[in-house]
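This report concerns only the one structure given below.
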Amino acid sequence: MTTKLSNAQIAWRAAQDLPDGAYVNLGIGFPEMIAKFKPKGREVIYHTENGVLDFGEAPPAGQEDWDLINAGKKAITLNDGASFFHHADSFAMVRGGHLDVAVLGAYEISENGDLANWSTGPGSVPAVGGAMDLVHGAKQVWVVTDHVTKKGAPKLLKQCRLPLTGVACVTTVYTSLAVVDIRNGRFVLREKLPGMSLDELQALTEAELSVEGTVKDLVVPEV
Amino acid sequence: MTTKLSNAQIAWRAAQDLPDGAYVNLGIGFPEMIAKFKPKGREVIYHTENGVLDFGEAPPAGQEDWDLINAGKKAITLNDGASFFHHADSFAMVRGGHLDVAVLGAYEISENGDLANWSTGPGSVPAVGGAMDLVHGAKQVWVVTDHVTKKGAPKLLKQCRLPLTGVACVTTVYTSLAVVDIRNGRFVLREKLPGMSLDELQALTEAELSVEGTVKDLVVPEV
Amino acid sequence: MNKISPSIEDALAGIEDGMAVMIGGFGGAGAPIELIHALVDMYKKTGSPGSLTVINNNAGNGAVGIAAMIYAGMVAKMVCSFPRSSDPKAFTDKYLAGEIGLELVPQGTLAERIRAGGAGIPAFYTPSSFGTDVAEGKPVAEFEGRSYVQERWLKADVALIKAELADRKGNLTYRKAARNFSPLMAMAAKTTIVQASRIVEPGEVDPEHIVTPGIFVNRVVEVANPQQEEALLREGAN
Amino acid sequence: MNKISPSIEDALAGIEDGMAVMIGGFGGAGAPIELIHALVDMYKKTGSPGSLTVINNNAGNGAVGIAAMIYAGMVAKMVCSFPRSSDPKAFTDKYLAGEIGLELVPQGTLAERIRAGGAGIPAFYTPSSFGTDVAEGKPVAEFEGRSYVQERWLKADVALIKAELADRKGNLTYRKAARNFSPLMAMAAKTTIVQASRIVEPGEVDPEHIVTPGIFVNRVVEVANPQQEEALLREGAN
């Protein structure tokens, strides 16, 4: 029995929800992993905020062109139909509502969809990048994250404690234990690990998990 | 003795002040004539607000490409080094202060540089085009105009009576009788027709014509 | 992903009464004549789509393009900068008779408002029109000692534009000054419908040369050898 | 009209203490390494230009490019979205010691503020950063039921950018994702200085393919086979 999903498994689960023909921005780091698990037969067009649309996989080592990178500064390749544009046009795509899905990581998510993912508070160097733009404009904003912090504290909260990235912006959270939609200011549980009771999941979640209809089993292959 | 300059002569005079290497927008109609009189040896790059920089003369009749036109909808040709861009980029050039000179026609100009050139008041179809943008942003805004209306009334006024195109925007007025700079809210006479006294010119000008230093003769060849 | 429509009629499906329609083109360059005339035919046949708000720099010329829409009676309002063109009779008559609305917008402001609509910028400040009748009722603010007028974004339900090359993913190039407002309108409309002179395979156009990335485009229909509005007018078409 | 400078030193002339300098590049793509390093050499030799405000998406990486400027001590303040890169030691140490300023700007807002600076738009509203610490002190307004933050334009005295092709009139193309902020910065600086990998004759680049029209460019210097920041970093350069 799986006690929690690995990051790769969370990415796999999120990838199953990518709509065919969608324009998608995968945040740097963990969310980038989603591309690897895109279901076969679906065409997804990836956007990276540094000015490339419709890029493909990483090139083989040694064949990188360092003028052809994504927002995570990783080397990429182009699909047929790719295009280049400057940063203002790139964020017009983001802010103007042209992306179907943006996926980000999170420190904390609140039940009204607030996201905190850019600052752990004073003392460090603050860095926000494109996150504050990406949380606005995309039709769906997904978060992929462990369900709890490394210390075991809930990350799905009534209110975020850390500095916010955006207000009321997250639409779905894919965690190591569950898939949770945010609707009308509430966490609505869509799927949970089959080995876990609702009470057990609720104990690891600060805000109330609503149930509307059936909660499906969150079943993910080894990846 | 010339009693007044023709439009072509006004255009000739304005053309003599085109700086070498300048980026210039010539308003549709009368101002467009200025290009014809550009002094030899000076390179001037013309901008047209519908998205072409560095265009050349009209093509021979019958060789027009109607996808290659200026803001006056006249067929143009391209110089080596021309470029195409969309309307927002084109007006970024205008509004962003990148043009050296914009030249427009006028119904009325006031001594503080207000311009009225788009509406003769109620009853007609209003049409403003790019004029309200062109009067802002260009480093110099020139007006070419007859010194008086067809009925003989002054066009250089204390205050405009017709609806304004822009406030305090005109820097120089090239008229059929004089060249007048606008400085610190005053008309400063730079040149006048040699056959005309200052009093005679003032009588055709509603606002006061200041004199700073010498007034030169406005001498223009037959063109 | 295949955005290619099999026919102009398919491409135009879903345009409804009362919609706001952006139409590319400046003067006679870039007008999507075949899309416009198919829409006029549709209106003449079915009485719909009518009561449209049409956004373009001009308000029609002669009897073709937007002028044909106005003559057909399907336009309730024009949003434009220059409704006086060389032959503006279609608009002028209806306007003076009070039968068509007009929102007059300075050309640069029109372009910027459309871009803002596409870029998710609900409002911005511009020096254009400050102190003029056109700014009446709009908020004014001072920045660094100079006065500016607040303008709002402009969006539309549909954009009809003309491109030179297009692929099934919706990537576009334009031809010369026919580019004008079209890349902006493609961004600002819910549904962007393109007539392209030639459809190519994805990748045939260098990624450096694509002007409108496919993300801004919904439907593409090939119209080889499209009519050119200015040429039509000069031929005296009506 | 000839905007070609005979040397990098000529191209960089007139950059003074305290100026705001926009520098193209995102991560390691598009950084004008040769211009930057010549400026660092100039500072090391003459003590000027110092106290610069540098505008870039990042705050330097390793010991090359902007990091070299920071190590040299010529940067008073960074305006950027992401000062944490893979090796941000140059900035981090100075920042934590209080020896360098930081204005943190969300990436899309940074791009839009620079474009606004170039386009004569003194302020605009964006949803980005609403309700966050980054919006503190900024005016907020509601449009169509949603809240937005007012942001101001961003301009600079100088822009240093890297292009692929350039001609004597200043027309530019870029290479792949090295385009990023450079076309915007070219618009927003009083003096735009370009290092181009190759200088061509006007007309050699198709007018449809020019990305930055020459009106936005003041000086061009050819740097054939330019260094690529990311490649330098991976080679362990310092």
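No value in this document is a laboratory result; all are computed from the given coordinates. If you're wondering where the values come from, they're calculated on a predicted model, not measured in any experiment. So basically every Cβ, Gly included, is an ideal-geometry build from the backbone, and we count neighbours across all protein chains shown.
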Seminar exercise, completed: Final fewest-first order of B:13, D:179 on the 10 Å Cβ neighbour count is B:13, D:179
Exercise. With no solvent and one point per C-alpha, what does the Debye sum give as log10 I(q)/I(0) for the protein assembly as shown at q = 0.04, 0.10, 0.11 Å⁻¹?
Worked result: -0.19, -1.17, -1.37
For this session: Report the relative contact order of the stretch D:108-235, percent, no decimals, based on alpha-carbon pairs under 8 angstrom and at least 6 residues apart.
Result: 25
Problem set entry | Cβ charges +1 (Lys, Arg) and -1 (Asp, Glu), total dipole of the stretch B:110-223, debye | 240
Exercise. In chain A, if every C-alpha pair distance is counted and binned at 10 Å from zero, what percent goes to each bin?
Worked result: 8, 33, 36, 19, 4, 0
Seminar exercise, completed: For residue A:42, inter-copy label-point distances (7 Å, Cα→Cβ), nm, shortest first, read 6.3
Exercise. Between copies, how close do the residue C:199 label points come, placed 7 Å along Cα→Cβ, listed in nm from shortest?
Worked result: 4.6
For this session: Take the rotation relating chain D to chain C, measure from its axis to every Cβ in chain D, and name the nearest residue with the distance in whole Å.
Result: D:124, 2
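Over the stretch B:7-217, what is the relative contact order in whole percent, taking alpha-carbon pairs under 8 Å and six or more residues apart?
On the way: 462 pairs, mean separation 37.6, N = 211.
Over the stretch B:7-217, the number comes to 18 percent.
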Problem set entry | Amide H within-cut-off set for residue B:188, under 5 Å, with H built and near neighbours excluded | B:181, B:182, B:183, B:210
Problem set entry | Mean-position separation - Cα centroids, the stretch A:138-159 and the stretch C:1-54, in angstrom | 45
Exercise. Going toward the positive end of the dipole of the stretch A:7-217, with +1 on Lys and Arg Cβ and -1 on Asp and Glu Cβ, which of A:35, A:75, A:143 do you reach last?
Worked result: A:143
Problem set entry | Inter-centroid distance (Cα atoms) of the stretch B:1-27 relative to the stretch B:98-131, Å | 18
For this session: Taking a label point 7 Å out from Cα toward Cβ, give me the nm distances from residue D:133 to the same spot in the other copies, shortest first, one decimal.
Result: 5.3
Exercise. Between residue B:47 and residues 5 or more places away or on another chain, which pairs have amide H atoms under 5 Å apart, with H built 1.01 Å from N, and which residues are they?
Worked result: B:24, B:25, B:26, B:54
Exercise. Can you run phi through the Karplus equation (6.51, -1.76, 1.60; θ = phi - 60°) for the stretch B:98-106 and list ³J(HN,Hα) in whole Hz, with x for Gly and Pro?
Worked result: 8, 7, 7, 9, 10, 10, 10, x, 8
Exercise. What is the set of long-range amide H partners of residue D:30 at a cut-off below 5 Å, with H atoms built 1.01 Å from backbone N?
Worked result: D:229
Exercise. What does the convex hull of the Cα atoms come to per residue for chain C, in Å³?
Worked result: 130
Problem set entry | Given charges at beta-carbon only (K, R positive; D, E negative), |dipole| of the stretch B:7-217 in Debye | 460
Exercise. Points 7 angstrom from Cα along the Cβ direction at residue D:86 and residue A:223: gap in nanometres?
Worked result: 2.4
For this session: Determine ³J(HN,Hα), in whole Hz, for all residues of the stretch C:141-151 in sequence, where each value follows from phi through the Karplus function 6.51 cos²θ - 1.76 cosθ + 1.60 and θ = phi - 60°; x replaces Gly and Pro.
Result: 9, 9, 10, 6, x, 10, 9, 9, 9, 7, 10
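Could you size up the charge dipole of chain D around its Cα centre, putting +1 on the beta carbon of Lys and Arg and -1 on that of Asp and Glu, and report it in debye to the nearest 20? It would help to have the intermediate numbers written out before the result.
Values: 23 positive and 27 negative charges, 22 e Å.
Rounded to the nearest 20 debye, it is 100 debye.
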Problem set entry | Paired Rg and Dmax values of the stretch C:25-134, which use every Cα atom, in angstrom | 14.6, 46
For this session: Determine the alpha carbon to alpha carbon distance for each of C:176/D:169; C:162/D:169; D:3/D:190 and list only those over 21 Å.
Result: C:162/D:169
For this session: Estimate the FRET efficiency between residue C:44 and residue A:57 by the formula 1/(1 + (r/R0)^6), using the beta-carbon distance for r and 51 Å for R0, to the nearest 0.05.
Result: 0.50
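Counting Lys +1, Arg +1, Asp -1, Glu -1, what net charge surrounds residue C:162 among other residues with beta carbon under 9 Å of its beta carbon? Could the numbers behind the result be given before it?
Numbers: positive: C:175; negative: C:34, C:164.
With Lys, Arg at +1 and Asp, Glu at -1, the neighbours total -1.
For the cross-link pairs D:44/D:89; A:4/A:36; C:89/C:138; A:73/D:44, which exceed 23 Å when the distance is taken from alpha carbon to alpha carbon?
Numbers: D:44/D:89 20 Å; A:4/A:36 20 Å; C:89/C:138 31 Å; A:73/D:44 30 Å.
From the list (D:44/D:89; A:4/A:36; C:89/C:138; A:73/D:44), the Cα-Cα distance tops 23 Å for C:89/C:138; A:73/D:44.
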Exercise. So what are the ³J(HN,Hα) numbers for the stretch D:123-133, from phi and the Karplus equation (6.51, -1.76, 1.60; θ = phi - 60°), rounded to whole Hz, Gly and Pro as x?
Worked result: 7, 8, 10, 9, x, 4, 6, 4, x, 10, 4
For this session: Go ahead and run the numbers for FRET between residue D:231 and residue C:190, Cβ-Cβ distance against an R0 of 56 Å, rounding to 0.05.
Result: 0.85
Exercise. For chain D, what proportion of DSSP beta bridges, expressed in % and rounded to the nearest 5, is antiparallel?
Worked result: 30
